[in-house]
Structures are given as C-alpha cells and as structure tokens.
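First the structure, which I've put down as structure tokens, then a few questions once you've had a look.
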Amino acid sequence: MTDATPEGWPGGVGMRTASWIVWMVCAGALGCATPRNRGTSPVTVDLSVLPIEAWVNVVAPGPEGEWWAIGNAPSAPSGNGDERAIEVFRSSDEGRSWQPAVALARALNTTRAEADANGIGFLTWYTPEIGLAAGYLGTRAFRTVDGGKTWKTVPLVDDQGFSALERAGNRTWLCGSSGRILRSEDQGASWQELATTPFDTQDACEGLSFLSPDHGWAIGHEATLWATEDGGNSWKPLTRPFQPLRRLVVGTPTLHRLNGVVRLTPELAWVRGTGGLYQTTDGGRSWSAPIPEEDAETSSLSVSLTPDGRHIVTRTPVGLPLEQWIPSFEQAWVFSHDSVVAFSPDTADVSVHVGGQLVRRSPMLTFGRGPETHLDGFIQQGPRRWWGWSGDQVMASHDAGNSWFPTGRTSGHSIRALVPLKDGTLLAGLWRGGLMRSSDEGRTWVSGEGLEAYDFARVLGQEAPENPLACLLSTPDAVLEIEFDANGCFAETRNTLELRLQPEGARLTGKLQTHLRDPPDPRVDKVLARAVGEQFMRQLVEAASRPEEGMHCQSTTRIDVRMAWSCGSGSWRTAQYARFTGSLCSSWGRSEAGGGERPVPHERGNGVFRAAEALLEGVTPARPADVPGAQPGATR
C-alpha cells in the first residue's frame, strides 16, 4: 500500500471497500467454500449459456404457445441503430432459453416510430389474434389483429404514462400519471375519456381492480381509495387502511402510499401500501393490521381461481379458503391454470412457478450448446443465490443451482475461492495468491486489499491478518480522517472529521452540514485528553470493523463514507484507505405488529456515519440562535 493521494479521498483515500458480508451460508457437506482440486465440484454447468442484456417491461403468452418478453436493451441488437428501440424476445421451451424475435421487434418498432414512443408496459390478448400493447406510448396504444405480425396505432385522448390496465367483460380501462381514466368497449379499438375521475397529477392513478364491467376499485398515489358501481362514470371514496409511521432516516417519517389493489369478492379485497399488505372483509369499511411482504427472491407463487372464474396470482397455496388467500403484487402473469411467470425489476430475473413451486429463476438466457463442465467450487450467499467458478470464469445461480449463467472473468487468474458480499459484491481469492474484487455482480474485477483481505480470510476460517485499523488503537501517533456524505430526498450533506492521537493528548476537528442549502455548523476544533481521544477512536474503529448483519430500512438516502488513516511517525508512518457505501438508516427498524420496534442490524457505512456524526454533534458549539436569549449576530 502506498502513501499516494488518490483523487477525491480525504488525505488521499484510494482503496474502495464498498460493503462487507451480511451472512454467508455454505453447503458444508460439499465443502463449497473450501479450496479444492479444480474441476472436482459435483455441479456441472454449460459455459456456452449467456445472459441476455435487456430491460424487460412485460412477459406474456404469445401465439402458438410461445412466451414473449418485451422491453428495451442498453444497445439496439435489432440492428436499426436506434437506442430507444423496442426489443422483443421469444421462448419456445417455457422460458428456459430465449432468442430475439426479429420480425416482431421490427413490426413494433415500425409502429413505435409513428407514435414517437417506446415504453410498452402491458400486453393483453382478447383473442389469439387480437392483442393490445400500452404503457409509455404517448397518445397511442398498439393493437394487432393478426397475432402480432403487424401492429397499428390506436389514438388515445390523453398523453400519459399508464400504470394500470384492467379488463372485465367487454370493457378495458387504462389510467396513470395524468389521473385521467380511459375506457374501451371494443377490445381496445377505440377509447374515450371518462367524464369524472377521482385523480389528478398529484394523486395519480396507481391501480385498478374490477369484479365486473360495472363494479371496481381504484387507488391513488396519495393513498386514496375509490369505488365505482357504473364502470367508472362516477366514484365514491372508501376508508383507507391506517398505515403507522415508520422512520427511514432519523426525524423523517415515511410518506403513506398505496400502489396495488386486488378485489376477490365484493367484500374481500387487499391493498399494498408502504406499511405492508392490508385486508378488508367488509367491502373497505375496515382494514386488518398490516402483514409484511415476502422477499420476492424467496417466495413462491400459485394460481388461484375465484368463484367468478378469475385467475389470481397468490403467495398462498392453492386450496385454501378464500379468506386466507394472500395475493401477490409482483409483476407476474398467469400462463396456464397452474403456471406463473414473474419478473423482478431489481435483478432483471424471470422466475417460473409451477404448481406453487419455484421451478426456475434467472435472467433471460440463450440456448446452451454444451458441453457440460464441472465447477471448481461454489458458495451460497442465500437460500437461492449461489456463486460458482471454473478457472477464471465466475458463474451465478438465482434458483439454488437449478440454472447457471456466466457473469465475468478474473482476467485469466484462476479462482481458489469466492466470498459474496452483502450487496452482491464479490471477493475472489486466487490460486496464484492475492485478492480481486468485483462491484458489478462479477462482470469486472480489480485488485482488493486491506480490510477486504482481512474479512476474506476471517469468513473462510483462515488465519486472518491483523485488522488494518488495529494500529489506530496500538500506536502512540495515529490519525484518522473521514469524509461522510449523504444524498437523498430528505438529506444532502457534506461532512468531515479528523481525529489525531499523540502521546501528550488528542485533537478532534471537523464540520457538520445538516443540508447543503443550510450554512454549515461551526467548525469543530477540540483538544482532548489522550484517554478521551482513545475512547472516540475505539468507537470509530468498532463501527468500521464490526461484521455486517444486514440492514433493511428501505431508506432512499444513500451515503458515501471515505476513510484514510495512518499509524506511526516519520519513515514508519503508513497510509491506508477504505470506502463504504450504503443507506442512511436510523437506529431503529420498521414498526412491528403491536407497535414495538426492533433494532436495526449493523452496516459498516451506516455505523461509521452515525458514530462520526454523534462525535461531532457532542462537541459542536451552539449556533448563536441556539443560545438562550441570544440576539442575531450575538456570540458566546
């Protein structure tokens, strides 16, 4: 490690340490995390299978049993040179492999050029020949009457991004960002704007659920809930579920939202809000306490049939009484009486569930052409997310090893062991020695060192080197510099701290800024006793060294913490660096049923941010306006 000052770091901070292990489970009986002879893993993979780089908006049944996936790609593989082009892929083996649907993409893009828009979010079929595509398409929808061979634009009376498409009987409804509601009586061939709407641009329409052509509910962005008994010609408000406040960032309550609604019967319905899922059994007059949503990566989906013949995607098994159903609010589509296909926007995974069991979960993959190759080893990051390696090739599985796909290579350096980190970052120990790190799911790799090497050895049960931060507590001369920033809807700060220990004492300097639009607090410059300085240093080292256990506060405020430290003096002084990124969370987690709170587990970036913030707040002199009886311009 050198003393060179990399650009953008306090005092020159160069090593990136994005985040560390939350938890790691390994199939111990198979020795998956233990270095082993190359190619001796019992798991075999097809290295010719490749993930398809595309951003999918909708997966739906196509003609003749095909599956269609429609979205956009970072480039334009359709070859028309338009980076905004619609991309379409088809599968003839129930989603196991995909290939570009060139003719279909060309037909849709020809229609898109006429509409000057490209965001298809919904695809519904009225008959095997008649289909409708809608979404962010300006003042148009797309319609086909020949099974998708050709498409024509259908004029709409409103230019908005649609967030809901609902069908009941011969009627179809669209609503979205403008708050206006559109209705079609002829399988999407023509549309009219309804004369009344309960929504506007501030309280946009988020969801629709109709039991019949006349009876339906609608939800708004501002947690409003409405009912119609005449197909949307008029609306009346319903009682909304009570959503207790949750703190994502200290002092900032969450905003109440509703973003999903499913009616099962006239009396029984569910809505999804920021507080969880809520059930009513009396037609919306009262609501149950919230239940949390399951993790999409671990949940299984079923197809349940309502008494009136509608197929509903549920989290609960088939056969339960209707009152015990819990609908799924994922992006999911029913493909048959027992098959569900879901898409995860966070991971770009397509998952297939048959008979209430997860069969497969992965990005869209190309067809494999063999041969099968034994992995050198594999390791589990969670129940279904696994990582494997063969030589320098990194492989991933999102369905507990049922399907594998390559992510990247470690530049020709054969891998001895992998350790996955909390946010998907990977550490790779090499047979030649040394460590590499990937921050993009194994696609690209750079050298790793410092705290990363310490954690890598500790997790694998090897003899770990000394914690690089330990010297701050064991040498007479030590200095720690921290820059800790926050950016989000409710926080935007730039803060600094420097703690210097010397044989005769200690000194703490720095500044806090509660918001970039506010003037910073007075700069801290405090001389401390050596014992007090050591206590402060111990708090910061503990926050940066403590193993992570995972935080799930859902904060929108992102933090960036950069640390630089050196120990010793003169020619013996060495400089080391670390970086943490993550979310800014309070010291308490989400509300539990019954009103209790549970402590939030530790995350290093959040811990260092909070510890540094607390130290500076504890010694920051009061602003003049904060002093009792002070006048503007007064000083202490």
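Whole-Å semi-axes of segment 257-400's equivalent ellipsoid, largest first, each the root of 5 times a Cα gyration tensor eigenvalue?
Each semi-axis is √(5λ); the values are 36, 17, 11 Å.
Loop-only check: which GluC sites (Glu not before Pro) in segment 390-470 are DSSP coil with at most 16 other Cβ within 10 angstrom?
For GluC sites (Glu not before Pro) across segment 390-470 that sit outside H, G, I, E and B with at most 16 neighbouring Cβ atoms in 10 Å, the list reads E463, E466.
Same structure, new question: What does the extension gain come out to for D186 and R257, with contour length at 0.36 nm per residue minus their alpha carbon separation?
Separation in residues times 0.36 nm, less the Cα-Cα distance, equals 22.2 nm.
Can you list which of the trypsin sites (Lys or Arg not before Pro) found in segment 307-409 are DSSP loop residues with at most 10 other C-beta atoms within 10 Å?
The qualifying sites are R369.
Hey, another quick one. Can you pull the percent of segment 320-367's accessible area that's carbon plus sulfur, 1.4 Å probe, other chains left in place?
Taking all protein chains in place, segment 320-367 shows 55 percent carbon and sulfur surface.
Ordering H311, H337, H221, H353 by accessible area with a probe of 1.4 Å, largest first, what comes out?
Sorted by accessible area, descending: H337, H311, H221, H353.
Given a 1.4 angstrom probe, what's the average accessible area per residue across segment 263-324, in square angstrom?
46 Å²
Right, next: Once the other residues with Cβ under 11 Å from the Cβ of G412 are scored (Lys, Arg +1; Asp, Glu -1), what is the net sum?
Charge balance near G412 sits at +1.
For a quick check of your reading of the filter: which trypsin sites (Lys or Arg not before Pro) in segment 142-176 sit in a DSSP loop and have no more than 16 other Cβ atoms within 10 Å?
Here the trypsin sites (Lys or Arg not before Pro) that fit, given the DSSP loop and packing criteria, are K149.
I would also like to ask the following. Any aspartates and glutamates with Cα under 19 Å of the K511 Cα? List them, leaving off those in the same chain fewer than 8 positions away.
The qualifying aspartates and glutamates are E481, E483, D485, E492, E498, D521, D525, D560, E613, E617, D626.
If you add up the charges near E193, with Lys and Arg at +1 and Asp and Glu at -1, over every other residue whose beta carbon is less than 9 angstrom from its beta carbon, what do you get?
+1
So if R0 is 51 Å, what FRET efficiency would L50 and V532 give, r being the distance between their Cβ atoms, rounded to the nearest 0.05?
In this case the efficiency is close to 0.30.
While we're on this one: Which percent of the accessible heavy-atom area of segment 435-488 goes to carbon and sulfur, probe 1.4 angstrom?
Carbon and sulfur: 47 percent of the exposed surface of segment 435-488.
Under 11 Å from a point placed 7 Å out from the Cα of A457 along the Cα-to-Cβ direction: which residues of segment 472-514 have their backbone N that close?
No residue passes the distance filter.
Suppose each label sits 7 Å from its Cα in the direction of the beta carbon; what would the N487-T139 distance come out to in nanometres?
About 3.7 nm, to one decimal.
Another question, then. Counting Lys and Arg as +1 and Asp and Glu as -1, what is the net charge of the other residues whose Cβ lies under 12 Å from the Cβ of T224?
Residues close to T224 contribute a combined charge of -1.
On to the next question. Leaving ligands, DNA and RNA out of it, rank F122, F199 by accessible area with a 1.4 Å probe, largest first.
Highest to lowest solvent-accessible surface, that is F122, F199.
The values are calculated or read from the model by the stated rules, or taken from the named source; none is laboratory data. Computed from a predicted model, the values in this text were never measured in an experiment. Don't worry about glycine lacking a Cβ; one is built from the backbone with ideal geometry, like all the others, and counts go over all protein chains shown. Each accessible area value is taken on the protein alone, full model and side chains, heavy atoms only, with ligands, DNA and RNA left out. Shrake-Rupley method; radii C 1.70, N 1.55, O 1.52, S 1.80 Å.
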